[in-house]
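Contents: one structure, followed by commentary.
The values are calculated or read from the model by the stated rules, or taken from the named source; none is laboratory data. Fair warning: this is a prediction, and the values are worked out from it, not measured in the lab. Glycine gets a Cβ as well: all are built from the backbone with ideal geometry, and neighbour counts include every protein chain shown. Just so you know, the surface numbers come from the protein's heavy atoms only, side chains and all, with ligands and any DNA or RNA stripped out. Shrake-Rupley method; radii C 1.70, N 1.55, O 1.52, S 1.80 Å.
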Amino acid sequence: MTGPVPVVLDVDTGVDDACALLLAGLHPDVDLRAVTCVGGNVSVDEVVANTLTVLQVAGRGDVAVARGAPRPLLEPVSHARHVHGGDGLGDLGWPSPDARPDPRHAVELLADLLNEAASAGPAALITLVTLAPLTNIALLLRTYPQAAAGLAEIIFMGGAANVGNATASAEFNVWHDPEAAAIVLQSAAELDIPVVMYGLDVFYDVLVTREQAVELIAVGGHGPAELAGRLIDFQCDRFGQPQATIGDAGAVCAVIDRTGLSTTRLPVRVELAGTYSRGRTIVDRRDWAGDIAHDPHGMAPTAVEVALSVDADRYAQLWLRTVKAGRR
Ligand code: RIB
Ligand code: CA
């Protein structure tokens with residue numbers, strides 16, 4: 001029986017990042033080692049504050065939180081307050097956190113943890129779950145490539161084989177910093193890092209109803225269950241729907257219960273130049289026994305475990321059970 005999985009989350013806390021933080025902070029099979037923050041849904045300083053708030057609610061003020069890149073490598077920031085509320089956390093107005101962030105930059109904290117893990121043996125290798133634009137991770141892998149030896153795998157919430165959200169062809173985390181995503185995929189091939197892509201093809205499938213949210217809110221006490229319920233309720237209101245996705249939290253579900261996710265190993269690259277497709281993850285589903293005479297680019301160098309279907313109810317129930325149970 002292996003113990004809890006060593007995990008680091010990279011977030012742009014947002015409402016669904018908060019759902020993921022609650023799950024990772026509360027579930028006994030996750031050893032949440034640290035959380036690194038990047039600009040995305042809201043500014044990086046708001047991401048740090050939101051992350052500290054959520055971890056405090058979950059009773060995980062012990063988890064190191066570090067501030068990372070405020071903006072993409074080339075693109076300007078483009079926040080998503082229309083999705084996550086003005087403050088990025090559903091405008092709930094919950095108490096500000098007591099904890100302070102780690103003094104290290106996110107890249108330095110990641111490098112320290114990964115270098116320690118690399119020297120501590122296979123059971124210590126870290127699963128890096130990225131739930132945001134990949135700016136911090138690109139900077140890490142370009143600055144400290146040897147830190148990759150401390151990684152068990154990267155599970156990244158981003159991209160899609162078939163759909164977009166930020167644009168018709170691109171998913172927000174990759175669209176926000178396409179160069180960073182391209183660097184991470186290139187580094188994964190060069191540094192032999194296993195990568196799982198938890199993209200939009202599964203992201204929207206794992207749903208919690210408003211009724212379930214009301215039950216969570218009724219627990220009260222400004223605890224994790226109430227916060228979880230209010231996050232879902234906010235999304236139901238914002239989008240006028242009777243249910244809402246747990247979003248990023250699904251990628252943490254994949255750490256806890258991989259059998260709930262169906263993946264296929266496929267070549268993936270990022271479009272950097274397209275007028276209408278910049279930031280698209282190009283998932284190559286061709287049968288490579290086929291015609292390669294017309295394709296000057298050939299197969300993308302990075303093979304990724306692309307999630308194409310998910311046991312949505314299984315993951316929704318996992319999330320609900322965990323946020324209801326609180327810290328065990
Ligand atoms: O496209 C969805 C992703 O973009 C999620 O991670 C959400 O939090 C935003 O970061
Ligand atoms: Ca996110």
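Of Ala106, Ala123, all but one fail to be touching a helix residue (DSSP H, G or I) at 6+ places or on another chain (Cβ under 8 Å) and on the phi < 0 side of the Ramachandran plot; the exception is Ala106. Restricting attention to the range 76-85, the residues that are part of a helix (DSSP H, G or I) and touching a Phe, Trp or Tyr at 6+ places or on another chain (Cβ under 9 Å) total 2.
Of the set (1) away from ligand 2 (no atom under 16 Å from the Cβ); (2) under 21 Å from Leu318 (Cβ atoms); (3) aromatic (Phe, Trp, Tyr), all apply to Tyr276 but (2). Pick from Asp62, Asp17: which is within 20 Å of Trp175 (Cα to Cα) and either within 16 Å of the chain's Cα centre (by Cα) or without any contact (Cβ under 8 Å) to a residue 24 or more places away in the chain (or both)? Only one candidate qualifies: Asp17.
Residues in the range 293-328 that are farther than 30 Å from Leu227 by Cα, without any contact (Cβ under 8 Å) to a residue 24 or more places away in the chain and open to solvent by less than 100 Å² (accessible area, probe 1.4 Å): Ala293, Asp295, Gly298. Picking from residues in the range 1-24 that are small (Gly, Ala, Ser) and in contact with a helix residue (DSSP H, G or I) (Cβ under 6 Å, 6 or more places away or on another chain), the one that is farthest from Cys253 (Cα to Cα) is Gly14. Across the range 133-147, the qualifying residues are those that are open to solvent by 10 Å² or more (accessible area, probe 1.4 Å) and touching a Ser or Thr at 6+ places or on another chain (Cβ under 8 Å), and the one among them that is farthest from ligand 1 (Cβ to nearest atom) is Pro145.
For the range 128-239, the strands (runs of 3 or more DSSP E) that sit wholly inside it and include 2 or more residues that are within 16 Å of ligand 2 (Cβ to nearest atom) and in contact (Cβ under 8 Å) with a residue 60 or more places away in the chain are 151-157, 195-198. Could you go through the range 86-106 and let me know if any residue there is assigned to a helix (DSSP H, G or I), in contact with a Ser or Thr (Cβ under 6 Å, 6 or more places away or on another chain) and closer than 19 Å to Thr130 by Cβ. Yes, there is a match, as at least one residue in the range 86-106 is assigned to a helix (DSSP H, G or I), in contact with a Ser or Thr (Cβ under 6 Å, 6 or more places away or on another chain) and closer than 19 Å to Thr130 by Cβ. Scanning the range 22-38 turns up one or more residues that are more than 23 Å from His222 (Cβ to Cβ), of a type outside the set (A, V, I, L, M), open to solvent by less than 10 Å² (accessible area, probe 1.4 Å) and at pLDDT 95 or above.
Residues in the range 109-132 that are open to solvent by less than 70 Å² (accessible area, probe 1.4 Å) and acidic (Asp, Glu): Asp112 only. Within the bounds of the range 199-213, is there any residue that is open to solvent by 30 Å² or more (accessible area, probe 1.4 Å) and hydroxyl-bearing (Ser, Thr, Tyr)? Yes; the residues of the range 199-213 include at least one that is open to solvent by 30 Å² or more (accessible area, probe 1.4 Å) and hydroxyl-bearing (Ser, Thr, Tyr).
For the range 25-45, the set of residues classified as assigned to a helix (DSSP H, G or I) and away from ligand 2 (no atom under 13 Å from the Cβ) consists of Gly25, Leu26, Asp45, listed by residue number. Just one of the numbered conditions (1) over 21 Å from Ile126 (Cβ atoms); (2) within 12 Å of ligand 1 (Cβ to nearest atom); (3) part of a loop (DSSP other than H, G, I, E, B) is not true of Thr13: (1).
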